[in-house]
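Enquirer: For reference, the structure I am asking about is given below.
The values are calculated or read from the model by the stated rules, or taken from the named source; none is laboratory data. Please read all numbers here as calculations on a predicted model, not as lab measurements. All Cβ positions, glycine included, derive from the backbone under ideal geometry; neighbour counts span all protein chains shown.
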C-alpha cells in the first residue's frame, strides 16, 4: 500500500498520497472520475498556472492579498512551470465536473502547498490562491488563454511554414505541365505550380481566418466570478488581471464587456473549432491530392514520387506507401470529430454556466496541437521532398483528348466532341485525329493545343 496522509476540506477528511502536492478536493475528483485516464492537456494546465500568477499579482496591486504572500504564490507558479514533472501534480480526468471546478481546485491546492512552504505560513487554496475568482470564470478564461497561446505560438507558425514550403515547391516546379482532373477524370492541363499555389492559397486563407479569431479569444471572462456579476472580486480585478497576464505572456488580453456571455456560453470556442475544422478540410484535400498523384507507381497516376520513409507492407517486398499524407488525413478526420464534440459542448450553456468546459478545452487544444504537428510533417516530409515524374506527365498530356476543348471556338463543341471520342476509341493523340477531321494543319494544331499555352486560359 502506498503511503498516505490525511487532508481535510469542507466535506471532511480524506486520504491523499503522502507526497502529492494537491489536497482533498483534488483527491475527491480522482476518486469520483475514473473515466478515461486522460488528464487535462499540459497547455491548459500551464495556462491555468499562468492565470493564477496573474490573479495573485492583481490581488497584490489591489491590496487583497498581502505582498509577501503574493510573492510566494508567484514564485510557486514559476517553480511549478519549471518542473518537468508538472503533470504528475494534475491527475484529474478530463471527464469531470462540467465547470472544471476540480481542475481549478487542483491548481489552487498545489499552489497553496508550494506557497505555504515558501511563505512560511499557511496559504489558503480558496481564500488566497482563488481570491477574487470562481471556477466559473477561471476555466472559461483559461480555455481562451490556452487556445490563444497555442494558436499564436504553435499552429500559426506551423501553417506559415507549410504555406512557405508549398510556395517554394511551386516556384521550383515552374514549367512542369500536367493533366488537370475534374471528377477524377482527365480535364484541361494545369501546371504543377498552379496546383501547388492552389494549396498555398487554401492555407493562406486559413491563416487569415485563424488570426481573425484572436481578438475574441483574447477577451476574457475573468472578473465575472460565479455567475457574471463579479461577486467577491475587486471592481478593478479584471483589468489588473489582464495587465499582469499580458506582461507575462506578451499577448493582448482584455476583460469582456459582458462577463455573463463568456461564462454562460462557449461561442468563441465553437467558432474557433469551426475554423480549425476548415483548416483540417484543407489539409485533407492536400493530403489526398498528394496520395492520388503519387499513386502507382505503375498502375496509378505516378505523376510524383513521395519520399520513401519506411517499408509499406509486411508481406509485399518493395512496397512504399504515402504514409505522411495518410497521417495528415487521419489528423484532419480527428479534428472534424473534435469539432462535433465541441459543437455539442457549446450547446450545454444552461442559464449562467456552460457545463462541458473540460471536454471543450481538451478537444480544442487537441485540434490545435494535431494540426500544428501535421502541418510541419506534411511540409517537411511530403511537399518539400517529392520528385516529379516528367515522362509520365508528358505521356498523359500527349494522349489527352480533352485538349480539344481549345478548338471549340474554331470548330464548335459538337465537332470537338466527335474528335475527342474518336481519339479515346482509337487511343491516338488528339493532334493526329484532329488533323484528319478538320482543315487545320498539324502546325496550327500543335500551336493551338500546346499544353503550356492552355494553362494560361483565354482564347
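Enquirer: Given the criteria assigned by TED's automatic domain parsing to the domain that holds residue 177, surrounded by fewer than 17 Cβ atoms within 10 Å (Cβ to Cβ) and at negative phi, does residue 295 qualify?
Expert: Yes; evaluated as a whole, the condition is true for this residue.
Enquirer: Does residue 443 qualify as being out of contact with any helix residue (DSSP H, G or I) (no Cβ under 8 Å at 6 or more places or on another chain), touching a residue at least 60 places away in the same chain (Cβ under 8 Å) and in a helix (DSSP H, G or I)?
Expert: no
Enquirer: Report, by residue number, each residue of region 310-327 that is surrounded by 10 or more Cβ atoms within 10 Å (Cβ to Cβ) and outside any helix (DSSP H, G or I).
Expert: Answer for region 310-327, where residues must be surrounded by 10 or more Cβ atoms within 10 Å (Cβ to Cβ) and outside any helix (DSSP H, G or I): 311, 312, 313, 319, 320, 321, 322.
Enquirer: Here are 121, 115: which of them is at pLDDT 95 or above and crowded, with 24+ Cβ neighbours inside 10 Å?
Expert: None of the others qualify; the one that does is 115.
Enquirer: With (1) free of Cβ contacts under 8 Å to residues at least 60 places away in the same chain; (2) surrounded by fewer than 14 Cβ atoms within 10 Å (Cβ to Cβ); (3) assigned to a helix (DSSP H, G or I) as the list, and residue 415 as the residue in question, which single condition is left unmet?
Expert: (2)
Enquirer: Could you list all residues from region 250-260 that are closer than 19 Å to residue 230 by Cα and either surrounded by fewer than 18 Cβ atoms within 10 Å (Cβ to Cβ) or under 19 Å from the mean Cα position of the chain (by Cα) (or both)?
Expert: Applying the first criterion (closer than 19 Å to residue 230 by Cα) to region 250-260 yields 253-260.
Of everything in region 250-260, those that are closer than 19 Å to residue 230 by Cα and either surrounded by fewer than 18 Cβ atoms within 10 Å (Cβ to Cβ) or under 19 Å from the mean Cα position of the chain (by Cα) (or both) turn out to be 254, 257, 258, 260.
Enquirer: For the condition loosely packed, with under 15 Cβ neighbours inside 10 Å and over 30 Å from residue 164 (Cα atoms), what is the one hit in 442, 433, 404?
Expert: 442
Enquirer: OK, next. Quick check, is residue 396 modelled with pLDDT of 95 or more and not in a loop (DSSP other than H, G, I, E, B)?
Expert: Here the answer is no, as residue 396 does not meet what is asked.
Enquirer: In a loop (DSSP other than H, G, I, E, B) and either modelled with pLDDT under 95 or buried (at least 23 other Cβ atoms within 10 Å of the Cβ) (or both): is that true of residue 96 in this structure?
Expert: Against the criterion (in a loop (DSSP other than H, G, I, E, B) and either modelled with pLDDT under 95 or buried (at least 23 other Cβ atoms within 10 Å of the Cβ) (or both)), residue 96 does not qualify.
Enquirer: Then there is this: What's the total number of residues in region 167-194 that are surrounded by 20 or more Cβ atoms within 10 Å (Cβ to Cβ) and under 30 Å from residue 368 (Cβ atoms)?
Expert: Summing the residues that are surrounded by 20 or more Cβ atoms within 10 Å (Cβ to Cβ) and under 30 Å from residue 368 (Cβ atoms) in region 167-194 gives 2.
Enquirer: Right, another one. So which of 65, 35 is more than 31 Å from the chain's Cα centre (by Cα), in contact (Cβ under 8 Å) with a residue 24 or more places away in the chain and part of a loop (DSSP other than H, G, I, E, B)?
Expert: 65
Enquirer: Exactly one of (1) assigned to a loop (DSSP other than H, G, I, E, B); (2) in contact with a helix residue (DSSP H, G or I) (Cβ under 8 Å, 6 or more places away or on another chain) is unmet by residue 257. Its number?
Expert: Among (1) assigned to a loop (DSSP other than H, G, I, E, B); (2) in contact with a helix residue (DSSP H, G or I) (Cβ under 8 Å, 6 or more places away or on another chain), residue 257 violates only (2).
Enquirer: Test residue 289 against the criterion of being over 21 Å from residue 341 (Cα atoms), in a helix (DSSP H, G or I) and either outside the structural domain of residue 145 (by TED's automatic domain parsing) or without any contact (Cβ under 8 Å) to a residue 12 or more places away in the chain (or both), and give yes or no.
Expert: So residue 289 does not fit the description; no.
Enquirer: Can I ask one more? What is the number of the single condition among (1) out of contact with any helix residue (DSSP H, G or I) (no Cβ under 6 Å at 6 or more places or on another chain); (2) farther than 20 Å from residue 389 by Cα; (3) not in a helix (DSSP H, G or I) that residue 205 does not meet?
Expert: Result: residue 205 passes all but (3).
Conditions tested, residue by residue: (1) part of a loop (DSSP other than H, G, I, E, B); (2) within 25 Å of residue 366 (Cα to Cα); (3) at pLDDT below 95.
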{"site": "20", "(1), (2), (3)": "yes, no, no"}
{"site": "29", "(1), (2), (3)": "no, yes, no"}
{"site": "44", "(1), (2), (3)": "no, yes, no"}
{"site": "60", "(1), (2), (3)": "no, no, no"}
{"site": "72", "(1), (2), (3)": "no, no, no"}
{"site": "91", "(1), (2), (3)": "yes, yes, no"}
{"site": "105", "(1), (2), (3)": "no, yes, no"}
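Enquirer: Have a look at 36, 10 and point out the one that is surrounded by fewer than 18 Cβ atoms within 10 Å (Cβ to Cβ) and at pLDDT below 95.
Expert: Going through 36, 10 in turn, just one is surrounded by fewer than 18 Cβ atoms within 10 Å (Cβ to Cβ) and at pLDDT below 95: 10.
Enquirer: Do we find that residue 430 is assigned by TED's automatic domain parsing to the domain that holds residue 164 and under 49 Å from the mean Cα position of the chain (by Cα) in this structure?
Expert: no
Enquirer: Look at residue 74 and say whether it is touching a residue at least 12 places away in the same chain (Cβ under 8 Å) and over 31 Å from the mean Cα position of the chain (by Cα).
Expert: No: the conditions fail for residue 74.
Enquirer: Spot the failing condition for residue 378; the list is (1) more than 28 Å from the chain's Cα centre (by Cα); (2) crowded, with 19+ Cβ neighbours inside 10 Å, and only one is missed.
Expert: Only one criterion in (1) more than 28 Å from the chain's Cα centre (by Cα); (2) crowded, with 19+ Cβ neighbours inside 10 Å is unmet by residue 378, namely (1).
Rundown of residues vs (1) crowded, with 24+ Cβ neighbours inside 10 Å; (2) in contact with a strand residue (DSSP E or B) (Cβ under 9 Å, 6 or more places away or on another chain); (3) outside the structural domain of residue 302 (by TED's automatic domain parsing); (4) farther than 19 Å from residue 266 by Cα, yes/no style:
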{"position": "147", "(1), (2), (3), (4)": "yes, no, no, no"}
{"position": "196", "(1), (2), (3), (4)": "no, no, no, yes"}
{"position": "220", "(1), (2), (3), (4)": "yes, yes, yes, no"}
{"position": "233", "(1), (2), (3), (4)": "yes, no, yes, yes"}
{"position": "236", "(1), (2), (3), (4)": "no, no, yes, yes"}
{"position": "243", "(1), (2), (3), (4)": "no, no, yes, yes"}
{"position": "247", "(1), (2), (3), (4)": "no, no, yes, yes"}
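Enquirer: So which residues in region 124-145 are in a helix (DSSP H, G or I) and surrounded by fewer than 24 Cβ atoms within 10 Å (Cβ to Cβ)?
Expert: Listed by number, the residues that qualify are 126, 127, 135.
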